[in-house]
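Read the figures in this text as sums done on the coordinates, not as results from a lab. Computed from a prediction, not measured in an experiment: that's the story for all the values here. Every residue, glycine among them, receives a Cβ derived from its backbone with ideal geometry; neighbour counts consider all protein chains shown.
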Amino acid sequence: MLAFAGRGSAFTDEHNAAFFIENKTLILLDCPMSAFQKYKLLNYEFINQIVILVTHTHGDHISGIGTMIHYAQFVLEIPVIVAAPSETVRRDLNILLHRLEGCNKKAYMLITAKELEESWLVDVIPTQHANQLSDKCFGYCLKIQDKNIVYTGDTRTLKPFLPYLKKGDVLYTEISYYQKPDDENAVHLSLEEIKPVLLELIQNGIKVYLMHLDQEKEILKCIQGTGLKLAPLYPFRKNIPVRLVKTKFSDLESVKALYELSFPPEEQAPFWMLAVKQYCADVDFLSIYAGKQWAGFFYIVNHKNLSYIFYFAIRPEFRNQGIGSQALQRLQKFYHGRKLFLGIEQPDILKADYEKRISRKYFYLKNHFQDLHRRVQEASVIYELLGIGGDVSPEEYQALISSFTGLTGKILYKNITMKILEE
């Protein structure tokens, strides 16, 4: 439900920070500097704004907020809302962000969380943490995918959060291995002391995830077999090297599975024909590798100075990590000086997948393809042509198709239209 950029306490390397995405809004629960370094690796293509929910003002929770505002302003060009849990905390954050960090007030909005009026925010929950921040520490109750998500922030008591929990809900709670039971100066929850309460919550049908960990290995030993789990870390990936290599026979099974998953039946040529044609036609059948892992493929048909991307697909688990963009950029270098083009299903607001079609078009435009303002009919599907290197005429397109299909294609496609449509 929540993904974590880190789940450590103040003296660890990766400070506790969580996030989720709702209606094209990236919601961050706190933003320490260690988390900001990871948030730079997220895909912001479909993010319209960033909201940062603050639990309290300790440095291991807010040290990256000012930098995130600067980054959103100068790099992402996305507005930021910083939501303080109370008016008192809002005034404190104003000093930090305006007077100390020097954030441009036009680049962000600083409000209290209750002013958000978002359906995913159920309540702001006051709690007790460090005495020096008395009345300034809070958790949140969120509604994500019709489930109550309770996030404690830093706390020394679970009592304020228990009324929000019922069967099927999810609790993300801080925990400490070193905090001793019955410590008068406690600022965190003692695992030894609170463990029976957490196990009872699990028995009542509540999922419990542990965060803000001071000694992860020892905590993991203590919860083995109990149903308690550590908060899930998001698998951020940075600069995965992408290679394009000729598709091997051993890759064909993976290619076929991804091909059938990625393209509807009406857009699929017989796979056996694609496999055979790579040996007897001017075809580049390329596998995409991310590091050492097979990540997708290109199927490209060439004719004279034309190179037509028939098929391009990335495995689902490798999407939204920049791998597709890297693969396209490598492809453009390889085909430099040629007319490299492809067809995408034309955006149609009456189609159920309209937003996906728009997103797909934006992806190619972002990767330097241009709208050629031509439409192609292949069987019953109408495509828009996007390309690099210049226009593609109807005669050029027809020559490429005829060269590729040959006699086999004339038999298979004798009743199928494949042509550029005149406007």
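Place a +1 charge on the Cβ of each Lys and Arg in the chain and a -1 charge on the Cβ of each Asp and Glu, then give the dipole magnitude about the Cα centre in debye, rounded to the nearest 20.
Computed about the Cα centre, the dipole is about 1200 debye.
What nm value, rounded to one decimal, do you get for the distance between residue 250 and residue 143 when each label is placed 7 Å out toward the C-beta?
With each label placed 7 Å out from Cα toward Cβ, I get 5.3 nm.
Between residue 377 and residue 216, what length comes free when the chain is fully extended (0.36 nm per residue of separation minus the Cα-Cα distance, one decimal in nm)?
52.2 nm
Taking amide H positions as placed in the peptide plane 1.01 Å from N, state which residues far from residue 14 in sequence (5 or more) or on other chains have amide H under 5 Å from it.
8
Just checking my list (i) 1.08; (ii) 1.22; (iii) 0.97 against Rg/Rh (Cα atoms, Kirkwood Rh) computed from this structure; which label fits?
The calculated read-out lines up with (i).
Sort 208, 276, 80 so that the residue with the fewest other Cβ atoms within 10 Å of its own Cβ comes first and the one with the most comes last.
Ranked by crowding around the Cβ, least crowded first: 276, 208, 80.
Determine the gain in length on full extension of the stretch residue 305-residue 419; use 0.36 nm per residue of separation and subtract their C-alpha separation, reporting nm with one decimal.
Contour length minus Cα-Cα distance gives 39.2 nm.
Could you list log10 I(q)/I(0) for region 3-230 at q = 0.13, 0.16, 0.18 Å⁻¹, which the Debye formula gives when each Cα is one point scatterer?
-0.74, -1.12, -1.40
Working from the pairwise distances between different alpha carbons, so that the mean of 1/r is found and then inverted, what is region 39-121's Kirkwood radius in Å?
The Cα-based Kirkwood calculation yields 13.1 Å.
Given 0.36 nm per residue, what is the gain on full extension from residue 197 to residue 370 after removing their alpha carbon distance, in nm?
Gain on stretching residue 197 to residue 370: 56.3 nm.
Return the tail of the calculated pair distribution for region 83-125, meaning the percent of Cα-Cα pairs more than 15 Å apart.
Counting every Cα pair in region 83-125, those more than 15 Å apart make up 45 percent.
In debye, nearest 20: dipole of region 325-398 around its Cα centre with unit charges on the Cβ of K, R (+) and D, E (-)?
Result for region 325-398 is approximately 380 debye, rounded to the nearest 20.
Set the Förster radius R0 to 51 Å, insert the Cβ-Cβ distance between residue 25 and residue 275 as r into 1/(1 + (r/R0)^6), and round the FRET efficiency to 0.05.
E(calc), rounded to 0.05, equals 0.70.
For region 107-113, what does the Karplus curve 6.51 cos²θ - 1.76 cosθ + 1.60, with θ = phi - 60°, yield as ³J(HN,Hα) per residue in whole Hz, taken in order and with x for Gly and Pro?
8, 8, 10, 10, 9, 8, 4
At 222 nm, what helix-only mean residue ellipticity would the chain give, in deg cm²/dmol to the nearest 500, using -39500 (n - 2.57) for each DSSP H run of four or more?
Dividing the helical sum by the residues of the chain leaves -8000 deg cm²/dmol.
Applying a 10 Å radius around every beta-carbon, put 358-365, 121-128 in order of their mean neighbour count, most first.
Ranking the peptides 358-365, 121-128 by packing returns 121-128, 358-365.
Using the Karplus curve 6.51 cos²θ - 1.76 cosθ + 1.60 with θ = phi - 60°, work out ³J(HN,Hα) for each residue of region 132-142 in order, rounded to whole Hz, and write x for Gly and Pro.
3J(HN,Hα) across region 132-142, in whole Hz: 5, 10, 4, 6, 10, 10, 9, x, 9, 10, 10.
Please report 386, 96, 421 as a ranked list, fewest other C-beta atoms within 10 angstrom at the top and most at the bottom.
Ordered from fewest to most neighbouring Cβ atoms within 10 Å, 386, 96, 421 come out as 421, 96, 386.
For region 242-421, which semi-axes, largest first and in whole Å, follow from the square roots of 5 times the eigenvalues of its Cα gyration tensor?
22, 20, 17
Tell me which lysines have Cα within less than 21 Å of residue 38's Cα, excluding those fewer than 8 residues away on the same chain?
Partners within reach: 24, 238.
Determine ³J(HN,Hα), in whole Hz, for all residues of region 333-344 in sequence, where each value follows from phi through the Karplus function 6.51 cos²θ - 1.76 cosθ + 1.60 and θ = phi - 60°; x replaces Gly and Pro.
With coefficients 6.51, -1.76 and 1.60, one gets 5, 5, 9, 4, x, 10, 8, 9, 8, 7, x, 10 Hz.
Using a cut-off of 22 Å between alpha-carbon atoms, which lysines can reach residue 136, once sequence neighbours fewer than 8 places away in the same chain are excluded?
114, 159
Hey, fewest Cβ within 10 Å first, where do 14, 317 land in order?
Neighbour counts put them in this order, fewest first: 317, 14.
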